[in-house]
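Student: Have a look at the structure that comes next, please.
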Amino acid sequence: MQIPLLRLQCGVNSYDWGKVGESSAAARYAATTAGQDFAIESEKPYAELWMGTHPSLPSKDVETQRTLLDLVQDNQALLSAEVSERYANRLPFLFKVLSIGKALSIQAHPNKKLAEQLHARDSKNYPDDNHKPEMTIAITPFEGLCGFRPLAEIVHALKAIEPLRTLIGEQATSEFEKTVKGNEESEDEAVVQRNKDALRSVFTSLMESPSEKIEAASKALIALAESSPASFGTLPEEVETNPSDPAELAAIIKRLNGQFPHDIGLFVFFFLNFIKLEPGEAMFLKADDIHAYVSGDIIECMASSDNVVRAGFTPKFKDVDTLTKMLTYSYAPIEEQKLRPTDYPYTVLNATAYSSASSSLLYDPPIEEFSVVKTDLKRKGAKVTFDPIVGPSILICTGGQGTISIGHKTEEVREGNVFFVGADAECIIQNTGSGEGEEDVFTTYKAFCELDGENTADQ
Ligand SMILES: [Zn+2]
């Protein structure tokens, strides 16, 4: 049998929100293995590098130019019999690099049941019947919106941001305030449910605002950001969970208005957590969690699906009705939205890797389709051996240089290179860079699926 190590050629999408030209990591990565007809255009936005078998933009084996989908369908051992059977001969996950130049849609991804319903009703806007839990790991400093803020924060914003209150209307606003007052921190199930219902109601009122009201309110909002940035602050006692200062938040509102003038998203902002991730920090978005990306380069891993319900910061199809109905309305501080990596135990480091504090960290969301291991090999000669796993992997290098080996096959690895590793293969990666500086760290992200036999419920 052939050695299950393939160098992949991965396509990059040119969505409007992508980073432009060479500033886009997705474009630079794609260029490392692209065909001769690809050249990065200096004015063009490049948004998403896709690594996987999704038919909208399937990756190819560089050597044979066959698609990865074709190859895994031809040889099910590449996925393992278990994965192949469970996921209809496809990779269970889609791995991406996103380069975000401007905000991309306020969105949520349907759970399995809703995805089936939406796809049956409207297959043009909902091309898959699958769910799409997704995980984001920052590779450059990242800004985004994720989940509803703690209720006290929302109450505070409704008081401090007059244009927000005016837009929603006094009645809907005060009903919300009355319901949650004194109950913001309650953990009693019935109270939490009542809070969520109240949040749903006030949020739906906001989302159903007519466009002429949104325009007037957004002008007032920008004027407020100019005259009184201090009103954009979060509650003083929440400083630890909301690291951004008022002036920074006011500046972000102005930036977003520049990208999407008079968009409802400017007001949704006050309901959601504003989150900043440093490189290596991650968040996991369950089905029906509201989110929006604002800026940065990220690694994203998701169940293989393309279903998005959008409601703001987008020129694409908006489905406000579906979005406001589907959301979980869970509210929590930012720290609870983050996914913390743990040590990945299924590796062997050589002496150089140990002595240079090289590491393999596991990002393991509570779903079965994927996990990701980030490996930093910090010195020339540092080497890590991954135990074989009963499932497929895709590996991308985001910095430094090295090699990847399976059996007697060894390939050079540079920033942006992508490889497919078949099931049951012992895979070795090694730093072959020139020294020990920061810039010589050899960093890879490896997404993989290994079924553990547990029946994981839909998240
Ligand atoms: Zn998303």
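Student: From the residues in the stretch 288-334 that are away from the ligand (no atom under 14 Å from the Cβ) and aromatic (Phe, Trp, Tyr), which one is modelled with the lowest pLDDT?
Tutor: In this case the residue turns out to be 317.
Student: How do the strands (runs of 3 or more DSSP E) wholly within the stretch 323-397 filter down when requiring 3 or more residues that are farther than 20 Å from residue 5 by Cα: which remain?
Tutor: Strands (runs of 3 or more DSSP E) meeting the threshold: 359-363.
Student: Look through the stretch 121-179, keep the residues that are free of Cβ contacts under 8 Å to residues at least 12 places away in the same chain and touching a helix residue (DSSP H, G or I) at 6+ places or on another chain (Cβ under 8 Å), and return whichever of them is farthest from the ligand (Cβ to nearest atom).
Tutor: That would be 159.
Student: From the list 104, 79, which one is within 16 Å of the ligand (Cβ to nearest atom) and either in contact (Cβ under 8 Å) with a residue 60 or more places away in the chain or surrounded by fewer than 19 Cβ atoms within 10 Å (Cβ to Cβ) (or both)?
Tutor: Checking each option against the conditions leaves just 104.
Student: If you scan the stretch 243-276, which residues turn out to be touching a strand residue (DSSP E or B) at 6+ places or on another chain (Cβ under 7 Å) and at pLDDT below 90?
Tutor: The answer is 243, 244.
Student: For residue 250, indicate whether it is farther than 17 Å from residue 100 by Cβ, more than 16 Å from the ligand (Cβ to nearest atom) and either assigned by TED's automatic domain parsing to the domain that holds residue 163 or in a loop (DSSP other than H, G, I, E, B) (or both).
Tutor: Judged against the criteria, residue 250 is a match.
Student: Does residue 208 meet the test of being touching a residue at least 40 places away in the same chain (Cβ under 8 Å), under 22 Å from residue 325 (Cβ atoms) and assigned by TED's automatic domain parsing to the domain that holds residue 312?
Tutor: yes
Student: Here is a follow-up. Could you check the stretch 112-154 and list, in sequence order, the residues that are part of a loop (DSSP other than H, G, I, E, B), of a type in the set (S, T, N, Q) and in contact with a strand residue (DSSP E or B) (Cβ under 7 Å, 6 or more places away or on another chain)?
Tutor: The answer is 130, 140.
Student: Please give the helices (runs of 4 or more DSSP H) falling wholly within the stretch 1-88 in which 1 or more residues are over 28 Å from residue 424 (Cα atoms).
Tutor: 25-31
The values are calculated or read from the model by the stated rules, or taken from the named source; none is laboratory data. Just so we're clear, the structure is a prediction, and the values are computed from it rather than from any experiment. Heads up, the Cβs are rebuilt from the backbone with ideal geometry, glycines too, and the neighbour counts pull from every protein chain shown.
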